[in-house]
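Notes follow the structure.
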Amino acid sequence: MSVRRNGSDELIESKDVVVGDIISCANSLKIRADGIMISTQDMKTKEADLTGEKDLLQKFPYEMKDDKLGGRPFAFKGTIVTDGEGKMLVCSVGTNTNEGLNQLQSNLKKVK
């Protein structure tokens, strides 16, 4: 997968993504971390497996308006880019992602 790290473009394996990387998101890509979109071009994601949302969700880059985060800038690990493209700043990886926290909660319920 293509990432921008320390100002340089690199090809890495998805398991090597870290917080602070900028990931290029393109059609058919399964997103490998949680993050905030910093640029998009007609980008939509399928989040049904994570959120139950059956409709494709249009993604917009983040913008601050009146000290509030506007648009739909968040992208989540395990979701799939169905249309368009964008760049995402990685904010969490592994068990710190929304998907990872859901898996931990599910495992805890099994233990009880």
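The numbers here are math on the coordinates, done by the rules we state, and not lab data. Not measured: the values here are computed from a predicted model. Every residue, glycine as well, gets a Cβ built from its backbone with ideal geometry; the counts of neighbours run over all protein chains shown.
Annotations
- Scanning region 18-34 for residues that are over 25 Å from Q103 (Cβ atoms) and in contact (Cβ under 8 Å) with a residue 60 or more places away in the chain, we see that the one that is surrounded by the most Cβ atoms within 10 Å (Cβ to Cβ) is I22.
- Long-range neighbours under 8 Å by Cβ, at least six apart or interchain, first residue touching a residue at least 24 places away in the same chain (Cβ under 8 Å) and under 12 Å from I80 (Cα atoms) within region 35-55, second hydroxyl-bearing (S, T, Y) and surrounded by 17 or more Cβ atoms within 10 Å (Cβ to Cβ): T45/T79; K46/T79; E47/T79; D49/T79; L50/T79
- Failed condition for T40, given (1) buried (at least 16 other Cβ atoms within 10 Å of the Cβ); (2) in contact with a Leu (Cβ under 6 Å, 6 or more places away or on another chain): (2)
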